[in-house]
Ligand SMILES: Nc1ncnc2c1ncn2[C@@H]1O[C@H](COP(=O)(O)OP(=O)(O)O)[C@@H](O)[C@H]1O
Ligand SMILES: [Mg+2]
């Protein structure tokens with residue numbers, strides 16, 4: 001047992017000594033490899049944590065939302081629809097939900113006005129999300145102004161700023177009373193943005209949605225599951241930047257594998273011959289090559305994932321911000337809850353460390369099993 | 001004792017560049033003796049050394065090491081026998097560049113799983129025997145020719161094999177270093193090693209160290225002389 | 001004593017230690033996040049929210065679960081469509097050339 005351990009260790013000694021001979025090349029390899037794994041693991045950590053958080057938080061989203069579709073897009077829905085939907089069996093309540101967008105031309109930012117169903121802010125005041133507070137340098141007590149639908153300026157007292165830690169949900173929100181919002185947006189009194197339903201039995205969501213479309217063909221019900229599914233599909237591997245990152249990682253990896261698989265240099269061949277001539281078995285040579293692959297790829301894997309974790313969960317994904325921010329002015333600064341899926345880590349391991357190690361071993365196979373007499377000349 | 005019976009070696013058999021390197025070579029290597037293979041370049045000395053040392057298999061003929069028939073053994077056994085039985089000193093030294101002298105000496109023992117500290121101590125002892133202790137941590141590229149060869153000798157001895165095989169050991173050495181090499185061989189012989197040298201250097205084959213000189217030409221044994229009576233002289237004088 | 005494998009093992013051990021520290025960090029922080037997640041859930045419930053405020057560029061990115069089925073186009077002056085190509089094009093200058101003036105907030109003199 002100790003004999004085998006010493007054998008492994010001695011062979012590792014040799015492997016590292018020979019890797020260190022080409023410090024520049026192998027160092028660069030390690031850096032690039034680590035960088036690839038860092039990027040991959042950052043993307044995976046980020047998307048997984050975001051999805052988990054969305055799934056958990058949006059569990060509380062409305063059970064069914066009914067929109068009205070007109071001219072192919074959604075439009076305010078008449079309040080009278082509420083009473084008709086209420087008639088459907090299984091529907092417990094139907095409440096209007098009033099909300100809308102506001103484009104702030106001065107700051108090039110989009111805000112979302114929301115009218116809370118319970119405890120709205122008093123008339124003449126607003127509660128703003130921390131993103132807006134930061135952008136507009138507004139704090140509680142300040143007066144904040146918006147331009148009404150009729151072009152007239154409207155101003156409100158900032159009653160409160162929503163907690164920083166809920167930025168992922170609320171950075172751009174403005175809570176306002178219904179009468180203020182109707183005056184600001186000009187939405188007629190008999191219309192609201194959409195309707196929120198409560199249903200007796202969650203198994204009935206689908207049937208009720210079906211009944212609603214039958215009853216009111218110009219509406220579109222959105223079930224909570226669909227909301228959850230939307231966020232489960234976010235950052236799927238096909239979406240823009242993710243595919244760019246994954247494909248460049250894959251390409252870089254192919255280059256590595258190519259470099260390895262195209263075979264050994266004459267010098268490496270000669271060395272393997274020497275090792276065999278002085279008494280190494282083929283299996284010792286292959287073991288050495290196995291460690292050569294593993295030393296590099298395991299180091300890169302551990303280093304890359306550790307850095308990826310630090311980047312995403314401690315460094316707030318600072319490298320992704322420019323991408324996520326896109327053209328938006330208002331961007332939430334959020335710290336994701338570090339939900340880590342070990343299955344994903346295992347997948348990264350299986351897709352990087354394993355093939356790398358194998359492509360290191362395979363080309364040596366033939367050389368390792370040759371007779372060593374070539375080194376005699 | 002090693003017995004080679006009717007050894008033949010054909011390179012690139014059945015191809016246009018087929019080459020018969022050895023034909024019907026029979027030699028006996030006796031324990032604790034020095035045997036010298038002598039002959040012009042291309043006469044098949046290296047090929048024969050490789051076969052005797054179990055690095056390559058003969059095309060025809062048999063090698064018997066002690067009681068054991070080697071020719072039919074599978075690769076794995078052959079390697080482990082080679083490791084325990086033979087220490088090779090190659091013509092080009094074949095040290096691994098970029099590593100230190102000490103590491104090079106220890107390499108043949110790595111797969112054996114010996115405790116590192118013991119192995120290191122042993123390697124340093126052997127190096128000290130050859131005046132190499134101060135060069136232990138020097139890289140191979142920094143060594144002089146003589147030092148490099150002594151490292152190669154130390155490496156051949158690390159697994160304490162009963163046989164030492166050296167191919168043209170003096171080819172890269174000046175006269176003084178060549179004599180030093182022969183002195184080392186003498187010491188090894190005194191310590192009970194069996195030595196096989198291939199050389200066409202008179203310093204080697206005229207040495208009184210040799211019990212047996214085998215003269216080769218064109219892949220055949222011309223003559224075998226024992227106890228210093230050098231057969232080649234009678235033939236070519 | 002200087003031995004490469006010793007260095008390698010120490011590096012690996014250090015990295016493993018870092019990794020396990022981070023695992024513990026992850027477990028602890030996600031435990032501690034319980035109340036904050038509950039608070040967020042409460043916000044979703046009381047305000048009847050449907051989406052994350054991740055991208056505020058356009059309505060279909062801000063409220064992607066509410067977006068129109070058939071027309072996820074041109075909802076923001078600076079937004080293109082919902083496809084990978086959208087992430088490769090910058091918005092035209094004439095749409096983003098407005099200069100912000102920070103005059104709309106009146107500081108309350110406290
Ligand atoms: N692998 C090989 N393929 C073809 N010919 C070889 C090979 N190895 C040796 N030879 C030939 O065999 C002959 C004997 O070579 P060698 O044993 O090296 O002779 P020596 O060591 O006496 O100079 C040479 O002519 C050489 O060209
Ligand atoms: Mg030769």
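The values are calculated or read from the model by the stated rules, or taken from the named source; none is laboratory data. None of the values given here were measured: they were computed from a predicted structure. No Cβ is skipped: glycine too gets one built from the backbone with ideal geometry, and neighbour counts run over all protein chains shown.
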Next on the checklist: So, residue A:312, is that one surrounded by 18 or more Cβ atoms within 10 Å (Cβ to Cβ) and away from chain B (no Cβ under 14 Å) or not?
Outcome noted: yes
Item to check | Residue that is nearest to residue A:75 (Cα to Cα) [pool: residues in the range A:117-138 that are surrounded by fewer than 16 Cβ atoms within 10 Å (Cβ to Cβ) and in contact with a helix residue (DSSP H, G or I) (Cβ under 9 Å, 6 or more places away or on another chain)] | outcome: A:117
Item to check | Within the range A:357-377, considering residues that are more than 30 Å from residue A:301 (Cβ to Cβ) and away from ligand 2 (no atom under 16 Å from the Cβ), the one surrounded by the most Cβ atoms within 10 Å (Cβ to Cβ) | outcome: A:371
Next on the checklist: So for the range B:69-85 (the condition being within 16 Å of ligand 2 (Cβ to nearest atom), in contact with a helix residue (DSSP H, G or I) (Cβ under 8 Å, 6 or more places away or on another chain) and either within 14 Å of chain A (Cβ to nearest Cβ) or more than 27 Å from residue B:206 (Cα to Cα) (or both)), does at least one residue qualify?
Outcome noted: no
Item to check | Residue satisfying condition, being surrounded by 21 or more Cβ atoms within 10 Å (Cβ to Cβ) and modelled with pLDDT under 90, within set A:77, A:64, A:44 | outcome: A:44
Next on the checklist: Could you tell me how many of the residues in the range B:45-59 are part of a loop (DSSP other than H, G, I, E, B) and more than 10 Å from ligand 1 (Cβ to nearest atom)?
Outcome noted: 6
Next on the checklist: Looking for something within 30 Å of residue A:267 (Cβ to Cβ), within 11 Å of ligand 1 (Cβ to nearest atom), in contact (Cβ under 8 Å) with a residue 40 or more places away in the chain and not in a loop (DSSP other than H, G, I, E, B) - is there at least one such residue anywhere in the range B:103-110?
Outcome noted: no
Checklist outcome for this item: Within the range B:12-44, the residues that are assigned to a strand (DSSP E or B) and away from ligand 2 (no atom under 14 Å from the Cβ) are B:19, B:20, B:23, B:24, B:25, B:26, B:27, B:28, B:29, B:34, B:35
Item to check | Lone qualifier among A:232, A:190 - being away from chain C (no Cβ under 12 Å) and surrounded by fewer than 20 Cβ atoms within 10 Å (Cβ to Cβ) | outcome: A:190
Checklist entry - Where residues in the range A:1-17 are modelled with pLDDT under 90 and within 7 Å of another protein chain (Cβ to nearest Cβ), which of them is surrounded by the fewest Cβ atoms within 10 Å (Cβ to Cβ)? => result A:4
Next on the checklist: Condition check: part of a loop (DSSP other than H, G, I, E, B) and either within 19 Å of residue B:161 (Cβ to Cβ) or away from ligand 1 (no atom under 13 Å from the Cβ) (or both). Does residue B:71 satisfy that?
Outcome noted: yes
Item to check | Answer from A:92, A:43, A:114 - the residue that is farther than 30 Å from residue A:301 by Cβ and touching a helix residue (DSSP H, G or I) at 6+ places or on another chain (Cβ under 6 Å) | outcome: A:114
Next on the checklist: Taking the condition of being facing chain C (nearest Cβ under 9 Å), more than 30 Å from the chain's Cα centre (by Cα) and not in a loop (DSSP other than H, G, I, E, B), how many residues in the range A:89-140 meet it?
Outcome noted: 1
